[in-house]
Amino acid sequence: MNKQIPFTKYHGQGNDWLVVSEKHIPAHLPEFARAILDRHTGVGADGLIIMMNPSSRGHDARVRFINADGSEAEMSGNGIRCAGLDLLSRRPQKRSLKIETPAGIKTLEKTKLPGSKTAFRVHMGPPILNAAEIPFFPSETASPILRFPLATYAGDLPVTVISIGNPHCSVFVADFKAVDWVRLGAGIERNEHFPNRTNVEFVKLVSRDEIEVRFWERGVGHTQSSGTGSCAAAVAAILNGHTERTVRVRTEAGPLAVEWDESKGVMLSGPVEKVMNGIYLPA
């Protein structure tokens with residue numbers, strides 16, 4: 001009899017994740033992730049979150065983020081809110097959580113947003129602007145990396161490159177319909193300047209405190225929203241002088257809020273919802 005694997009599905013503003021306890025994860029993780037995340041023959045989601053016991057007594061959990069292609073991500077701003085709601089289902093009295101991620105310890109504070117049952121304000125930490133730490137080749141590139149002429153099939157595009165615990169490349173556009181951003185995103189993800197590949201954001205300026213973004217996520221493809229991508233797009237807009245330091249980010253699934261206080265780092269606020277509990281039966 002095949003092993004039954006319990007899971008819970010959540011979404012953070014349209015970016016959906018399956019949460020599975022470490023004790024239920026089979027030995028061949030990449031193959032398992034690709035199978036369970038497949039939207040035709042599996043459960044279907046953008047990513048898999050593995051919940052583990054924390055390394056430190058004062059923390060609430062340790063997590064890993066696995067993309068739909070089986071690769072591992074260092075951080076997910078939407079995914080960590082899904083992990084936070086999963087923890088609250090067992091500890092409803094908690095108002096603040098500390099979760100260990102490959103990108104460091106992240107603090108989540110329960111907050112209220114219009115129209116949402118549960119929302120978190122996530123302390124994402126300071127953006128990484130140094131080329132070697134992003135990483136970005138050549139590693140000697142002066143930081144911050146603004147308006148770098150990145151070679152694409154459509155010619156050189158001026159891009160802004162940072163890390164929010166994972167690498168991001170932001171491209172400013174005037175009209176989403178005027179560019180084949182899906183094709184561009186797929187190409188930029190694997191551009192030779194990014195040794196670990198990159199997430200890509202296409203950013204349309206709306207006002208001094210609002211942007212609209214389309215997301216191409218490394219290892220996933222087009223997603224309706226992205227937490228780290230929203231942070232990266234907002235930081236890129238701030239660095240280029242386009243917006244103030246508090247930015248409303250319009251995604252295809254709804255808004256997220258990003259603040260960048262240089263002393264406190266980047267803060268991401270957004271909703272999270274539980275979709276279902278289920279049992280997955282591996283082939």
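Applying the criterion of at least 1 residues that are touching an Asp or Glu at 6+ places or on another chain (Cβ under 8 Å), of a type outside the set (A, V, I, L, M) and closer than 26 Å to Gly104 by Cα to the strands (runs of 3 or more DSSP E) found wholly in segment 129-224 leaves 155-163, 167-172, 199-207, 210-217, 221-223. Counting only residues that are touching a residue at least 12 places away in the same chain (Cβ under 8 Å) and either surrounded by fewer than 20 Cβ atoms within 10 Å (Cβ to Cβ) or more than 14 Å from Glu201 (Cα to Cα) (or both), segment 151-172 holds 7 of them.
Only one of the listed residues (Ala83, Ala73) is touching a Pro at 6+ places or on another chain (Cβ under 9 Å), small (Gly, Ala, Ser), at pLDDT 95 or above and surrounded by 22 or more Cβ atoms within 10 Å (Cβ to Cβ). That residue is Ala73. Checking each residue in segment 20-42 for being of a type outside the set (Gly, Ala, Ser), surrounded by 20 or more Cβ atoms within 10 Å (Cβ to Cβ) and either within 15 Å of the chain's Cα centre (by Cα) or over 19 Å from Ile99 (Cα atoms) (or both) picks out Phe32, Ile36, Leu37. Counting only residues that are crowded, with 19+ Cβ neighbours inside 10 Å and farther than 27 Å from Gly44 by Cα, segment 86-96 holds 0 of them. Among the numbered conditions (1) on the phi < 0 side of the Ramachandran plot; (2) modelled with pLDDT of 95 or more, the only one that Gly104 does not meet is (1). Within segment 225-244, the set of residues being hydroxyl-bearing (Ser, Thr, Tyr) and part of a loop (DSSP other than H, G, I, E, B) comprises Ser225, Ser226, Thr243. Under the condition of being out of contact with any Asp or Glu (no Cβ under 9 Å at 6 or more places or on another chain) and part of a strand (DSSP E or B), the residues counted in segment 19-40 number 2. Pairs are defined by a Cβ separation below 7 Å, a sequence spacing of at least 6 or placement on different chains, a first member in segment 257-270 that is under 11 Å from Ala233 (Cβ atoms) and free of Cβ contacts under 8 Å to residues at least 12 places away in the same chain, and a second member that is among the aliphatic types (A, V, I, L, M) and not in a strand (DSSP E or B); no pair meets this definition.
The values are calculated or read from the model by the stated rules, or taken from the named source; none is laboratory data. If you're wondering where the values come from, they're calculated on a predicted model, not measured in any experiment. Quick reminder, even Gly has a Cβ in these numbers, built from the backbone with ideal geometry, and neighbours come from all protein chains shown.
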